[in-house]
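K.L.:
After the structure tokens below, expect a handful of questions from me.
The values are calculated or read from the model by the stated rules, or taken from the named source; none is laboratory data. What you are looking at is a predicted structure, and each value in this text was computed from that prediction instead of being measured. We place every Cβ from the backbone using ideal geometry, glycine too, and count neighbours over all the protein chains shown.
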Amino acid sequence: MEIYRSLPVLLVLLAHTAAGDDQPVRIGPGVTPPHLLKKVEPKYSPLARADRVQGTVVFQIVVDEKGNPTQLKVISPLGFGLDENAQQAIEKWRLLPA
């Protein structure tokens with residue numbers, strides 16, 4: 001029996017600016033990325049495990065000034081309940097804001 005350790009998740013990180021602008025800013029030159037403080041691994045769904053689905057779910061998230069992931073958006077879904085499981089896990093993550 002094949003055991004899946006965790007579901008790979010790729011993030012496109014965005015951050016709020018400290019200048020009071022509510023528009024998120026892409027991480028890049030002059031903007032340091034948030035650092036992961038607490039990570040919860042997503043679980044494979046029974047359907048994905050039964051069908052031996054593998055892959056990576058890609059999310060775009062905005063990290064607020066308190067380090068909470070917000071505005072989660074699936075960029076590249078896998079289906080089979082994996083996207084939902086990944087989102088539930090990411091919502092429990094805590095980050096050091098940019």
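K.L.:
How many of the residues in region 76-98 are outside any loop (DSSP other than H, G, I, E, B) and either within 22 Å of Thr32 (Cα to Cα) or among the charged types (D, E, K, R) (or both)? Spell out how you get there, then give the answer.
P.N.:
Filtering region 76-98 for residues outside any loop (DSSP other than H, G, I, E, B) gives 76, 82-90, 94-96.
Right, trim to either within 22 Å of Thr32 (Cα to Cα) or among the charged types (D, E, K, R) (or both) and you get 83-84, 90, 94-96.
Adding up the residues that qualify gives 6.
K.L.:
Can you name every residue in region 36-46 that is surrounded by 11 or more Cβ atoms within 10 Å (Cβ to Cβ) and either farther than 17 Å from Thr70 by Cβ or touching a Pro at 6+ places or on another chain (Cβ under 8 Å) (or both)?
P.N.:
Those that are surrounded by 11 or more Cβ atoms within 10 Å (Cβ to Cβ) and either farther than 17 Å from Thr70 by Cβ or touching a Pro at 6+ places or on another chain (Cβ under 8 Å) (or both): Glu41, Pro42, Lys43, Tyr44, Ser45.
K.L.:
In addition: Take region 47-88 and flag every residue that is surrounded by fewer than 18 Cβ atoms within 10 Å (Cβ to Cβ), farther than 23 Å from Val25 by Cα and out of contact with any helix residue (DSSP H, G or I) (no Cβ under 6 Å at 6 or more places or on another chain).
P.N.:
Answer for region 47-88, where residues must be surrounded by fewer than 18 Cβ atoms within 10 Å (Cβ to Cβ), farther than 23 Å from Val25 by Cα and out of contact with any helix residue (DSSP H, G or I) (no Cβ under 6 Å at 6 or more places or on another chain): Leu47, Arg49, Ala50, Asp51, Arg52, Val53, Gln54, Gly55, Thr56, Gly79, Glu84, Gln88.
K.L.:
In region 28-53, what residues are modelled with pLDDT of 90 or more, in contact with a strand residue (DSSP E or B) (Cβ under 8 Å, 6 or more places away or on another chain) and assigned to a loop (DSSP other than H, G, I, E, B)?
P.N.:
Scanning region 28-53 gives a single hit, Pro42.
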